[in-house]
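Worksheet for the structure shown next.
The values are calculated or read from the model by the stated rules, or taken from the named source; none is laboratory data. Fair warning: this is a prediction, and the values are worked out from it, not measured in the lab. Reconstructed Cβ throughout: ideal geometry from the backbone, glycine too, with neighbour counts over all protein chains shown. Surface accessibility is based on the protein's heavy atoms, side chains included, excluding ligands, DNA and RNA. Shrake-Rupley method; radii C 1.70, N 1.55, O 1.52, S 1.80 Å.
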Amino acid sequence: MAAPVAGSRIAPRRVPGLISLVVLVVIALVTLLGPWLAPYDPGAQNAALGAVGPGADHLLGTDNLGRDVFSRLLAGARTALIGPIFIAAGTTALGTTLGLLAGFRRGWLDAIMMRLTDLMFALPGLLILIVVVGIAGGSYVTAVVALIVLGAPVDIRVIRSLALSQRELAYVDAARTMGLSDRRIMFRHVLPNLAPTVTSNLLLSFVFALIALSGLSFLGIGLPAGTPDWGLMIQENRTILDLNPWAAVAPVLLITITAVAATILGDKVFERLSAGKELTA
Amino acid sequence: MRDELLRVSGLTVSLAGRRIVDDVDLVVGSGETVGLVGESGSGKSLTARAVAGLLPPTLTAGGSVRFSGTELIGASERVLRKFRGRRVGLLMQDPFAMLNPLLTAGAHIAESLPRGTRRDRQEVVRRLAEVGITNPDVAYRYPFQLSGGMRQRVAIAAALAGDPELLIADEPTTALDATIQHEIMQLLARIQESRGMAVLLITHDLRVAFQLCDRVQVMYAGRVLESGASKALATGPGHPYTLGLISALPAVERTAVRLEGIPGSVPRAADVACQCAFADRCGQRQDDCLTERPPLRLLDSGRLTACRYDVAPAASVAAPPSVPSARKSSANGPLLLVEGLRKKYGQAVALDGVDLRIEPGERLGLVGESGSGKTTLARCLLGLVDPSGGSIQLGGMDTTRLRHLPAARQREIRPLVQCVFQDPSTSLNPAMTVGATLAEAAALAAEQDRRPVGEVLELVGLPSGYAKLRPHRLSGGEKQRVAIARALAVRPALLICDEPTASLDVSVQAHILELLRTVNSELGTALLFVTHDLAVVRQVTDRIVVLLHGKVIETGVTASVLDSPGHDYTRRLVASVPTFTGSDACTI
Amino acid sequence: MDFAKVAAKRLGAVVVLLLTLSVLTYALLALAPGGPEEALLGDRASTPETRAAIRALYHLDEPFPVRYWEWLTGALSGDFGSSIYFRQPVLSVIGDRLPVTTTLAGFAILLTLAVGIPAGLAAGLRRSGVLDQGITFSTLVALAFPPFGIALVLLYTFGVALQWVPIYGSDQISNYVLPATALAMGQTAIVIRQTRAAALDVGGQDYVTFAKARGLPRLRIWGSYSLRNAALPVLTVAGLLAAGNLTGAVFVEQAFSLPGLGSLLIQAVNQKDIPLVQALVLLGGAVVIAVNLLVDLAYMVVDPRVRHGASTRAEA
């Protein structure tokens, strides 16, 4: 049902996806090249200057300690984004594998997975995470690992229910009848049909992780005070909204733009990949 | 003709400017039963929906629909609501989706009774009795507590609660078992007669239409190709398409020498707007069929056809060599031997001591309705399900618990028996090309038996270029051919066909059945044909086994069982097949 | 299976969940740096006498099951011990802060339902129209907008730029408008999406067409067909919303410096005030579990299939 594409013109329905992709690529590049692009040392203080609004010297102004907000944003992209990338990859890998095994093999593994995910859905997970990491004095890495575990149940359930419906389809019976091994059927036959969902899960997990991880930083959990990080910057600079609003609003906007772009891309990739495939979900 | 109740003229249905139903005329007189017949994609159901004013919001209707003189196209919801239920009733296909899961059967009927009548329990019970439900407690049951047949009866009672003058029945029995289909159709005919109500019956089954309807209108690619009295149409079709459909129909009374399908597939209405819609598939096409759209012309008393030419009679098939089966002498013992096979799911008994024997190259039919255990039996033989008891021997090897044999042993045995599944839309992996699917299967055959993909495709009558396509590009019939090719690529000794044509149109079904017969006679592959359709089983099997509640109740040579059934249930099954043959249509 | 059996099964599951939650909560004590003794001691002088008193008071010399049991029976009778920082019973500390959070959450839920359901229905009915696309895109942004981010942007816009409200201050009800908005936004987005999907799904069902075909009055179709069936999938997110509300409240109270349970929790976590943290976690978990139980009961009332044990609740 793809709209006809005239010449090299881009079909209007693909514009949001393309914009999102460009935004994410730019943000990724900035994350990688941040240290070389930053005009100031993100840690360099200038107590005499204090918090000032945007100007010629400081593109986005400075914070209470006179540190350059723009440089801190560039540096802060690393902790803000690299953790979520690991979380998204970890959650998706864990969730897809366990979900596929549970849904396709059923049996004891499935029973355990269902009980575990039921339990995790029934409790306010993020709240418990805040408390556990906060009290144990956990580090950034602890938070990343904990978020992988916390995010996996959603993926497990989604993939499991898809695997359950796929295994009822005749092509799986046909593969079994031919004597193909379970592993081959699962990973070579069923998994490719779940590609749209797995890809969109990856991006949605990234969004979840981005918000959760920066939320932890915002609460002062996970990263030591003073680290340049988007969530931490919001926390530190929310009291100087009157002096230099950009110090807190800019990281908010960056987090939101990244999250929106990833969500839209997830939607579009799902639509694109599932076009023409009869997925009975 | 009796008083005119419904007059549809120049009806169109479009999706985003593209015509799906194009210039349809239709007249239904009061008390008359009219059949609207067509294969999938013919636009018959959309025509029905447009008449009821209930098209999905993405579709728009044009032209004119007049009911007792009132124009319904473009009428406001207020006007339409007065007609719906009270004057025009609609019955839909799927009894599982038609009833509100949160309301009881009685509530459905009570809420549909016209305002001003007593909506009490007595009235509901009376309405239930009219549709053959004598147990008044059914009124308190929820849809999920009722069988498919019961749901459809409740739905009929609800649709008729407003005492409509016209009932539009859109494939009302397609989702039901053969014997239930028969009962529901008879119920409809009885109610139609006792109420003197008009019925517009939408169906894909010519035999049902000929049997129940006074007049029949054949639709194809969104337009009408032929219309006229049932009897006249059945005995002397005035359009090559009608003739093709009739020739493609398998008959339960005899085995056709050759099953003739219609080549090609149904085009989209918009693609054939300025030509004869059937021209691309027509055997007697002339040049002007492609340049101009033929108008409906009067053939004889009230018969219309959209063909410019007289229909050439079906080419009579020369010398009928009785269809050979590849059955071989069983010097090496039977290919498949099933003894006392049992299967329980919890408390429910699916198979209750089934014995079965198939010789090499033999064609055996396994007949039964849903719940008979026929699919469970097939799945046991394929090693997809563990039997609870009894034994299965395949080629002299014990395969009762095939699933639990060592992997190497399974790889050896499994290629012996392959399967063609019912639903072509799910039987191919959508993520793999046809070529990859076939190559994977071929790699499982013994080395000396391996065939290249092109050759396998040729075997099922598909061009080798299809190897590059993915399944979503194929039609239902083509997918089923690929599924057969995949099974054959493994070089099985036994091919199990689990209702392989149940979801295909008749014209396509004939092709697939003919293909399976050829496969048997030329490759010597034994067939186990699982079906509920007696007319089909007559065409492709030598012997049949009738299954009821997990037990074999009758077995024997196909022709003799169907001609003179021994068991009461088999008799009922045979009686439920609409009896029509091209030469002698009969009405109820 | 009948109603009583189904209900009993659900209640059994709830008890198991509550027990699991309480074990997790109690185990928090062991997580604290320096062990339970240090944590419970707080900043009191660490003399052998105070240590012995603490050990006796909290049964720290008993085996784990006994300690846990003592704590649980105490907690069940409302005794969560004393807050180390506030030096008063945990329950009274919580009681002081409770009204702030309940007002905030109640306000947010009201906003969520009042905006979410009509907007979702509107989008679902005008499928693919400009309104639908606008609403769908807005929900996408709202879902990707972290609650503390929304809080900050609202604070800046209305507090600093427009100066309509004081940034921080009094506990008038008008002060809850911004926090409740920040808290409600993400949840409203969830409700809108769920309602829209349900409206689309139900609208396309055969039973709705069949109801129209029988000429049923529009109100009847809306009431006992569309709304009742659409309510089921919307109900399923209620538990999710409850959990989101609690977690969101932590961020929003922190961002607006509201003295509610959320900021109390963060304070307690930072001060390692374990008894207080335990009570708050137990309270939060119990609220989510209770909401899920209510959802299950509501299901049984609305859906005869669930009531008769033919469980059809979609597996997410």
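At a glance:
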| item | result |
| --- | --- |
| Top-ranked residue of region A:47-57 - restricted to ones that are in contact with a Ser or Thr (Cβ under 8 Å, 6 or more places away or on another chain) and of a type in the set (A, V, I, L, M), ranked as most open to solvent (accessible area, probe 1.4 Å) | A:LEU49 |
| Where B:ALA175 falls short, out of the listed (1) open to solvent by less than 10 Å² (accessible area, probe 1.4 Å); (2) in a loop (DSSP other than H, G, I, E, B); (3) not polar (S, T, N, Q) | (1) |
| Residue within region C:236-247 that is farther than 26 Å from A:GLY134 by Cα and touching a Ser or Thr at 6+ places or on another chain (Cβ under 9 Å) present | no |
| Sole exception among (1) closer than 30 Å to C:PRO147 by Cβ; (2) at pLDDT 85 or above for C:LEU240, by number | (2) |
| Some residue of region B:172-185 being hydrophobic (A, V, I, L, M, F, W, C) and either over 30 Å from B:PRO250 (Cβ atoms) or more than 22 Å from the chain's Cα centre (by Cα) (or both) | no |
| Top-ranked residue of region C:212-244 - restricted to ones that are within 7 Å of chain B (Cβ to nearest Cβ) and small (Gly, Ala, Ser), ranked as nearest to C:GLY116 (Cα to Cα) | C:SER224 |
| Count of residues meeting criterion [buried (at least 18 other Cβ atoms within 10 Å of the Cβ) and part of a helix (DSSP H, G or I)] in region B:281-294 | 2 |
| Residue within region A:152-171 that is open to solvent by 20 Å² or more (accessible area, probe 1.4 Å), free of Cβ contacts under 8 Å to residues at least 60 places away in the same chain and part of a loop (DSSP other than H, G, I, E, B) present | yes |
| Selection status of B:VAL434, open to solvent by less than 10 Å² (accessible area, probe 1.4 Å), within 12 Å of another protein chain (Cβ to nearest Cβ) and touching a helix residue (DSSP H, G or I) at 6+ places or on another chain (Cβ under 9 Å) | no |
| Hits in region B:364-396 (condition: under 26 Å from B:SER521 (Cα atoms) and open to solvent by 10 Å² or more (accessible area, probe 1.4 Å)) | B:LYS374, B:THR375, B:ARG379, B:GLN393, B:GLY395, B:GLY396 |
| When residues of region C:176-209 are limited to those that are of a type in the set (D, E, K, R) and surrounded by fewer than 20 Cβ atoms within 10 Å (Cβ to Cβ), the one modelled with the lowest pLDDT | C:ASP201 |
| Helices (runs of 4 or more DSSP H) wholly inside region A:30-147 containing at least 1 residues that are modelled with pLDDT under 85 and within 14 Å of another protein chain (Cβ to nearest Cβ) | A:107-122, A:125-136 |
| Qualifying helices (runs of 4 or more DSSP H) (wholly inside region C:1-104; at least 1 residues being polar (S, T, N, Q), closer than 30 Å to C:LEU294 by Cβ and within 14 Å of chain A (Cβ to nearest Cβ)) | C:3-31 |
| Output for region C:245-280, where each listed residue is facing chain A (nearest Cβ under 9 Å), at pLDDT 90 or above and surrounded by fewer than 24 Cβ atoms within 10 Å (Cβ to Cβ) | C:ILE266 |
| Failed criterion for B:GLU123 (all others in (1) touching a Ser or Thr at 6+ places or on another chain (Cβ under 9 Å); (2) away from chain C (no Cβ under 14 Å); (3) in contact (Cβ under 8 Å) with a residue 24 or more places away in the chain hold) | (3) |
| Where A:ARG238 falls short, out of the listed (1) within 14 Å of chain B (Cβ to nearest Cβ); (2) in contact with a Leu (Cβ under 7 Å, 6 or more places away or on another chain); (3) free of Cβ contacts under 8 Å to residues at least 24 places away in the same chain; (4) open to solvent by 10 Å² or more (accessible area, probe 1.4 Å) | (1) |
| Given (1) free of Cβ contacts under 8 Å to residues at least 60 places away in the same chain; (2) more than 9 Å from chain A (Cβ to nearest Cβ); (3) open to solvent by 10 Å² or more (accessible area, probe 1.4 Å), number of the condition B:THR399 does not satisfy | (3) |
| Check on B:LEU128, more than 8 Å from every other protein chain (Cβ to nearest Cβ) and out of contact with any Ser or Thr (no Cβ under 7 Å at 6 or more places or on another chain) | yes |
| Residue count for region A:210-235, restricted to those that are outside any helix (DSSP H, G or I) and more than 11 Å from chain C (Cβ to nearest Cβ) | 8 |
| Given (1) open to solvent by 40 Å² or more (accessible area, probe 1.4 Å); (2) under 26 Å from A:ALA262 (Cβ atoms); (3) within 13 Å of chain A (Cβ to nearest Cβ), number of the condition C:GLN163 does not satisfy | (2) |
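Condition check ((1) touching an Asp or Glu at 6+ places or on another chain (Cβ under 8 Å); (2) open to solvent by 70 Å² or more (accessible area, probe 1.4 Å)) across all residues:
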position: A:THR31; (1), (2): no, no
position: A:TRP36; (1), (2): no, yes
position: A:TYR40; (1), (2): yes, yes
position: A:GLN45; (1), (2): no, yes
position: A:ARG72; (1), (2): yes, no
position: A:ALA80; (1), (2): yes, no
position: A:ARG105; (1), (2): yes, yes
